[in-house]
Amino acid sequence: MCSKLGSVIPLLLLLALSVSATADYVRPPPRKTLNFPWSPKPSSYPQQVHISLAGAKHMRITYVTSSKNSPSIVEYGTSPNNYTSTAQGKHTSYSYLLYASGNIHHTVIGPLADNTSYFYRCGGEGPEFQFKTPPSRFPITFAVAGDLGQTGWTKSTLDHIDQCKYDVHLLPGDLSYADYMQRRWDTFGELVQPLASSRPWMVTQGNHEKESIPFLKDSFVSYNSRWKMPYEESLSDSNLYYSFDVAGVHAVMLGSYTDYDENSDQYRWLKADLSKVDRAMTPWIIVLFHVPWYNSNEAHQGEGDDMMASIEPLLYAAGVDIAFAGHVHAYERTKRVFNGRSNRCGPVHITIGDGGNREGLAQKYKKPQPEWSVFREASFGHGELRIVNSTDAFWSWHRNDDDEPVRSDQVWLNSLMGSGCRAEKNHEMRKILMEP
Ligand SMILES: [Fe+2]
């Protein structure tokens, strides 16, 4: 008994200390936008390299050259400086008022082996890069961070993500905070290159990607040119919504600023996409979009209501496990929810718009905390989702505490596959997803 007490007392002390440390935590102010000193490079030098999944066993390599004559080729192989394969891609470019982009090259390589390191070179010159393909089965780890920007806090978040052994990065919108200043897209590409050239970055867009000017510029011109995602591979007609399978996960990326009503292309595509999911192959379904639906922060209240009214029944019927959003610059995790209340067969919603942008944190919360809200905190940070097998996953949120990643929220999640919900939903599924 005594020995048990002896071990319990230090544990209680530790708990008390950690609670008081959390209570005393002083939220840091925003940090300045980073400086990017001009470093001239040969015009054919590949820059802003990032990679993304492009259908089964394929990877899209994206890079920018100032030269308009550089080839869109990627040489690659499994040993350093020994390129056994070459792939030819295409390039695009865009102009925006007085700004003219370089050539933005998109080259798909593959078929690639799973869970394997590859070495590659872009455009026939420049440095060698390296990436690892994701595993074909569990476990798989995702890093998740939205609303990144390019400040001192962004750097801190990226450094922490770099320390985590992750397979795929998920970004629920608001990337560069270029906000019409197109040169900032280039500096953002430079900032994220070390991470985004070594693991696939799968992104969806936020309000800061719109950059529309009435009668002059359509929305998302820069975003669509630079961050091409596998929409064609997932039978979508728009880069603004798509899906992909990785290990045993079906991931769906939606557009909060694209039509989502029942007659919209996005809605029709989503319905078709979800109705094809084979839970034996992908027992987990996760969804990302920018504007949160379950948000008890004062910031952006109600902005996601219309999309939620239209799309939430589809996600519920399909048995989506987790929905990630950004936009609100803070962290919040809910219980499983549906229709505004906790519901054991709905998704867990996680707002993770705390990547580190220059606008700072959203610190005011609604009181009292809604019954569906489990954990909420206005701090910069990132999340890690480790899916262990078809039924169990470990989610953790890591606060940037004085530049140290401190695990502040963590929870084991069970997939809906392992619950009784799937059988219950079969009828609903058929009704909602299968009707014309
Ligand atoms: Fe946003």
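The values are calculated or read from the model by the stated rules, or taken from the named source; none is laboratory data. Predicted model only: the values in this text are computed from it and were never measured. Cβ: placed from backbone, ideal geometry, glycine included. Neighbour counts: every protein chain shown.
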- Message: Given the criteria touching a residue at least 60 places away in the same chain (Cβ under 8 Å), within 26 Å of SER243 (Cβ to Cβ) and more than 15 Å from the chain's Cα centre (by Cα), does THR116 qualify?
- Response: no
- Any residue in the range 380-395 that is within 16 Å of the ligand (Cβ to nearest atom) and closer than 23 Å to PRO30 by Cβ? yes
- Query: What number goes with the only condition from (1) of a type in the set (Gly, Ala, Ser); (2) within 16 Å of the ligand (Cβ to nearest atom); (3) farther than 20 Å from ALA378 by Cα that SER310 does not pass?
  - Reply: (2)
- Query: Just for the range 64-90: of the residues that are of a type in the set (Val, Ile, Thr) and under 22 Å from PHE188 (Cβ atoms), which one is nearest to the chain's Cα centre (by Cα)?
  - Reply: VAL64
- Task: Give the range 260-293 a look and list any residue that's more than 16 Å from the ligand (Cβ to nearest atom) and touching a Phe, Trp or Tyr at 6+ places or on another chain (Cβ under 8 Å), or say none.
- Result: TYR260, ASP261, GLN266, TYR267, TRP269, LEU270, ILE286, VAL287
- Unmet criterion (only one of (1) of a type outside the set (S, T, N, Q); (2) at pLDDT 95 or above; (3) surrounded by fewer than 19 Cβ atoms within 10 Å (Cβ to Cβ)) for LEU97: (2)
